[in-house]
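Chemist: Before anything else, here's the structure in question.
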Amino acid sequence: MSTSSPLYRADALVSFASTLLQRAGMGAAQADCVATTLVQGDLLGHDTHGLQLLASYTKELETGSMKGQGAPLVVSDRPAALLWDGQRLPGPWLMHQALDTLTPRARELGTASLVIRRSHHIACLAVYLMRALQDNLLMLIACSDANSASVAPFGGTQAVFTPNPLALGFPLSGESGVMVDISASITTNGMTNRKHKAGERYEHDVFIDAKGVPTNDPGVLFEQPPGTLLPVGGLSHGHKGFGLSLLVESLTAGMAGHGRADPKEGWGATVHITVYDLNAFGGTQDFLRQMDHVADRCRQNIPIDPQRPVRMPGEKGLRLRHEQAAHGVRLHDSIAPSLAELEQKYQVWLKDARI
């Protein structure tokens, strides 16, 4: 991203994205929610899962692969455990609906879980973790996409899994907190696609080709037969990433009763969300006492490189969010070109959001 790239007002970006989505057929409430979620992703610095997704989301609406209006189908509803069929509705909107449903149940019961099958793509997981920080909750999110595969199991050469992200959020004292947003593979499909389009390679070998030869070239994923992303741990300890993939698959597809054993429907997600009320266990104050201590021990740890001290997961993103909300959002250089055709079609302009 160039430092000479234009800055945009966050609220104006939300308005731009919501208008574009509505003109493509999404309901107003859903569009506002999706637009806000995407911009929040960019504010946090997750720029492969912010407005980078807007063009793809809009085209999914146009083809009918994403349903723009409606409500999830409640398949099962017990006090602390629910299953929804997302009806291929916008993933960010479903996620916020899910958290609106889970939070009061967790307050009453101590914990509550919801699994969503047939959601559309859910964007940046860290955005949802912010609600855990704000509401003094501990939140766990897992996500898989049964409709695609780019990660081989450890020791194999054929893709079975998606990167299968796993996210954890909880508060610390003050206005800080921890937001862990990782995947069971070394890198993600979003970053791989960006580097491939730009003709770039990774610094390290994060792929294998179809014969199992390690490489840093994202182009191997687009060959025939295709290569795959390596699981966390790579060729030497990839059983760890393989295990994380299986954890995510069991929490999502397994508990949803819908996944890779079923016909493919297009780009989407199967999601697991669990919310814990801290007061139902040791209590919020003792939780903070313990986790503040751990965070302090980590931050005060003697660093390998004094210029790069230890920071807690999510700390950099929260700081960047504060700065960009105040001074403007700098979008990745690839975003504006990806929206040019849609701007013309729907007569709404990204440049109008510039500072």
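The values are calculated or read from the model by the stated rules, or taken from the named source; none is laboratory data. Every value quoted in this text rests on a predicted model; they were computed, and no experiment measured them. Here the Cβ is made from the backbone with ideal geometry for all residues, glycine too, and neighbour counts use every protein chain on show.
Chemist: Kindly provide the set of residues from segment 119-153 that are closer than 14 Å to HIS272 by Cβ and out of contact with any Leu (no Cβ under 9 Å at 6 or more places or on another chain), ordered by number.
Modeler: Once the filter is applied, which keeps residues that are closer than 14 Å to HIS272 by Cβ and out of contact with any Leu (no Cβ under 9 Å at 6 or more places or on another chain), segment 119-153 yields ASP145, ALA146.
Chemist: Working only within segment 16-63, note down all residues that are of a type in the set (Asp, Glu) and surrounded by fewer than 24 Cβ atoms within 10 Å (Cβ to Cβ). Write out each step before concluding.
Modeler: Pass one, segment 16-63, residues of a type in the set (Asp, Glu): 32, 42, 47, 60, 62.
ASP32, ASP47, GLU60, GLU62 - these are the residues of segment 16-63 that are of a type in the set (Asp, Glu) and surrounded by fewer than 24 Cβ atoms within 10 Å (Cβ to Cβ).
Chemist: Filter segment 304-313 for residues that are surrounded by 12 or more Cβ atoms within 10 Å (Cβ to Cβ) and free of Cβ contacts under 8 Å to residues at least 12 places away in the same chain and give the result. Give the steps one after another, and end with the answer.
Modeler: Of the residues in segment 304-313, the ones surrounded by 12 or more Cβ atoms within 10 Å (Cβ to Cβ) are 309-313.
Within segment 304-313, PRO309 is the sole residue that qualifies.
Chemist: In segment 228-237, how many are assigned to a helix (DSSP H, G or I) and on the phi > 0 side of the Ramachandran plot?
Modeler: Step one: of segment 228-237, the residues assigned to a helix (DSSP H, G or I) are 234-237.
Now restrict to residues that are on the phi > 0 side of the Ramachandran plot: 234.
Final tally of qualifying residues: 1.
Chemist: Let me ask you something else. Do we find a residue being within 20 Å of VAL178 (Cα to Cα) and under 14 Å from the mean Cα position of the chain (by Cα) anywhere in segment 89-101?
Modeler: Within segment 89-101, the subset within 20 Å of VAL178 (Cα to Cα) is 95-96, 99.
Right, trim to under 14 Å from the mean Cα position of the chain (by Cα) and you get 95-96.
Among the residues of segment 89-101, at least one is within 20 Å of VAL178 (Cα to Cα) and under 14 Å from the mean Cα position of the chain (by Cα), which makes the answer yes.
Chemist: Here is a further query. Condition test on LEU38, is it touching a strand residue (DSSP E or B) at 6+ places or on another chain (Cβ under 9 Å), within 21 Å of VAL329 (Cβ to Cβ) and either of a type outside the set (Val, Ile, Thr) or at pLDDT 95 or above (or both)?
Modeler: Details: touching a strand residue (DSSP E or B) at 6+ places or on another chain (Cβ under 9 Å): no; within 21 Å of VAL329 (Cβ to Cβ): yes; either of a type outside the set (Val, Ile, Thr) or at pLDDT 95 or above (or both): yes.
Criteria not met by LEU38.
Chemist: Return a yes/no flag: does segment 72-84 have any residue that is touching a Phe, Trp or Tyr at 6+ places or on another chain (Cβ under 8 Å) and crowded, with 19+ Cβ neighbours inside 10 Å. Lay out the reasoning, then the answer.
Modeler: If we filter segment 72-84 for residues that are touching a Phe, Trp or Tyr at 6+ places or on another chain (Cβ under 8 Å), which is where we start, we get 72-75.
Going one step further and asking which of them are crowded, with 19+ Cβ neighbours inside 10 Å, we end up with 72.
So far as segment 72-84 goes, yes, one or more of its residues are touching a Phe, Trp or Tyr at 6+ places or on another chain (Cβ under 8 Å) and crowded, with 19+ Cβ neighbours inside 10 Å.
Chemist: Select, from LYS240, LYS211, LYS264, the only residue that is assigned to a loop (DSSP other than H, G, I, E, B), over 20 Å from the mean Cα position of the chain (by Cα) and in the same structural domain as LEU129 (by TED's automatic domain parsing). Full working, then the answer.
Modeler: Details: LYS240 fails: assigned to a loop (DSSP other than H, G, I, E, B); LYS211 fails: in the same structural domain as LEU129 (by TED's automatic domain parsing).
Checking each option against the conditions leaves just LYS264.
Chemist: With (1) in contact (Cβ under 8 Å) with a residue 12 or more places away in the chain; (2) within 26 Å of the chain's Cα centre (by Cα); (3) not in a loop (DSSP other than H, G, I, E, B) as the list, and ASP352 as the residue in question, which single condition is left unmet?
Modeler: So the condition that ASP352 fails would be (2).
Matching residues to (1) farther than 26 Å from THR188 by Cα; (2) touching a strand residue (DSSP E or B) at 6+ places or on another chain (Cβ under 6 Å); (3) not assigned by TED's automatic domain parsing to the domain that holds THR274:
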position	(1), (2), (3)
ALA29	yes, no, yes
CYS33	no, no, yes
ASP47	no, no, yes
TYR57	no, no, yes
LEU89	no, no, no
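Chemist: Next up: Have a look at GLN134, GLN158 and point out the one that is outside any helix (DSSP H, G or I) and of a type in the set (S, T, N, Q).
Modeler: Values: GLN134 fails: outside any helix (DSSP H, G or I).
Criteria check complete, one pass: GLN158.
Chemist: Restricting segment 174-208 to residues that are under 15 Å from PRO313 (Cα atoms) and assigned to a loop (DSSP other than H, G, I, E, B), which is nearest to the chain's Cα centre (by Cα)?
Modeler: Restricting to residues being under 15 Å from PRO313 (Cα atoms) and assigned to a loop (DSSP other than H, G, I, E, B), the top hit is SER176.
Chemist: Checking PRO225 against (1) over 21 Å from the mean Cα position of the chain (by Cα); (2) farther than 30 Å from PRO337 by Cβ; (3) part of a helix (DSSP H, G or I), which test does it fail?
Modeler: (3)
Chemist: Ok, one more. Looking at LEU247, LEU251, LEU229, which one is of a type in the set (A, V, I, L, M) and either surrounded by fewer than 20 Cβ atoms within 10 Å (Cβ to Cβ) or modelled with pLDDT under 95 (or both)?
Modeler: LEU247
Chemist: Next up: Six or more apart or on different chains, Cβ under 8 Å: which pairs go from a residue in segment 225-243 that's closer than 15 Å to THR187 by Cα to one that's polar (S, T, N, Q) and surrounded by fewer than 15 Cβ atoms within 10 Å (Cβ to Cβ)? Could you list them?
Modeler: These pairs meet every condition: THR228/GLN158.
Chemist: Name the residue, out of ASP296, ASP292, that is out of contact with any Pro (no Cβ under 8 Å at 6 or more places or on another chain), touching a residue at least 12 places away in the same chain (Cβ under 8 Å), in a helix (DSSP H, G or I) and over 19 Å from ALA10 (Cβ atoms). Walk me through how you get there before you give the answer.
Modeler: Numbers: ASP296 fails: touching a residue at least 12 places away in the same chain (Cβ under 8 Å).
Of the residues listed, the single one that is out of contact with any Pro (no Cβ under 8 Å at 6 or more places or on another chain), touching a residue at least 12 places away in the same chain (Cβ under 8 Å), in a helix (DSSP H, G or I) and over 19 Å from ALA10 (Cβ atoms) is ASP292.
Chemist: Continuing with the same structure: Anything in segment 20-72 that is closer than 25 Å to ARG321 by Cβ and among the acidic types (Asp, Glu)? List them, or say none.
Modeler: Hits for segment 20-72 are ASP32, ASP42, ASP47.
Chemist: Residues to consider are ALA336, ALA269; find the one that is small (Gly, Ala, Ser) and in contact (Cβ under 8 Å) with a residue 24 or more places away in the chain.
Modeler: Values: ALA336 fails: in contact (Cβ under 8 Å) with a residue 24 or more places away in the chain.
Only one candidate qualifies: ALA269.
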